[in-house]
Amino acid sequence: MAYENIIYEKKDHIAYITIDRPEHRNAISPPTQIELWDALIDFRNDSDSWVIILTGAGDHVFSAGNDLKWRSEHPDETPPWGPNYQSDPERVGTAGALPTEIWKPMIAAVNGYAVGGGMEMTLHCDIVIASEHAQFGVPEVRNVGGLPSGGGIFRLPRQLPYKAAMWMLLSGQYMSAQYMHTVGYVNEAAPHEKLMETAESYARLLTANPPIGVQTSKEVALRSLDLPLDHPRTAWEYLWEGTTAKMRNSEDAQESRSSLARETTARVP
């Protein structure tokens, strides 16, 4: 594929994707999204590429998310995805959604505002390096009365502390790189002029490790993230069965209930 909206490069086991639409705030139009998916699938399938760095062109915006202007200018063009795209990791999804079964490390080098679908793209990454002036946000509820439908509604509460995630989702406010670092979302907030240098230093550390070990670790960690460690019970099942059932049926518990019943009966006139 010939890329018109992104720059895709490879060097020393590191792949680079730069969203190259600075005049449009690196917003993700359907053609841009198709190019992103094509490059990421190529990265996934290339045995010589072990880590990828995703960034945006320019000094101010990583990505403003969905390109609403493009849609208004192309009213007769229907994007090639439907409501169930996330059930198929090979099927292109809406802005903010990226292929989900890439077990190689992904690094976001956030050079400015990462909002809406731009924020959602960073949620797909395993490591986030941010320029000190970067801002993160999912402003859909504030701007259009909606929600981040590229997966952010699911991933934010999984990757941020609950209270921080809910504030971002419900308020639509932007959070600074420093704040996102304090809550553990940003690995490092770097001076802007050292952003790519810092991201590459992380990438080189990862390429120094055996790729099979790195990729297996990521796959196992992500596939097991929401699975119970020991047995498939819900919290409520655990409360009312098993260990607590032993407690409720123990001699101590029965004696306590009998004693309470006797005291209650004795107090009744």
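Since every read-out is calculated from the coordinates, none of them should be taken as a lab result. Since the model is a prediction, treat every value here as computed from it, not as a measurement. Here Cβ is always computed from backbone atoms with ideal geometry, including for glycine, and neighbour counts include all displayed protein chains.
Tabulated data for the structure shown
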quantity: Beta bridges per DSSP with both ends in the chain, % antiparallel, nearest 5; calculated: 25 percent
quantity: Ile212 paired with Asn143, simple spin-label distance in nm, labels 7 Å along Cα-to-beta-carbon; calculated: 4.5 nm
quantity: Rounded FRET efficiency, nearest 0.05, which uses the C-beta distance separating Gln254 from Arg158 and R0 of 41 Å; calculated: 0.45
quantity: Efficiency of FRET between Leu227 and Asp59 - r from beta-carbon atoms, R0 35 angstrom, step 0.05; calculated: 0.25
quantity: DSSP-defined antiparallel bridges as percent of all bridges, the stretch 97-178, nearest 5; calculated: 20 percent
quantity: Cα-projected label distance for Thr78 with Lys194, points at 7 Å along beta-carbon direction, nm; calculated: 5.2 nm
quantity: Alpha-carbon Debye profile of the chain, log10 I(q)/I(0) at 0.11, 0.16 Å⁻¹; calculated: -0.65, -1.25
quantity: Label-point separation in nm, Lys10 to Thr100, each point 7 Å along Cα→Cβ; calculated: 2.7 nm
quantity: Unsatisfied cross-links (Cα-Cα over 25 Å) in the set Lys10/Lys194; Lys163/Lys194; Lys10/Lys104; Lys69/Lys163; Lys11/Lys104; Lys69/Lys218; calculated: Lys163/Lys194; Lys69/Lys163; Lys69/Lys218
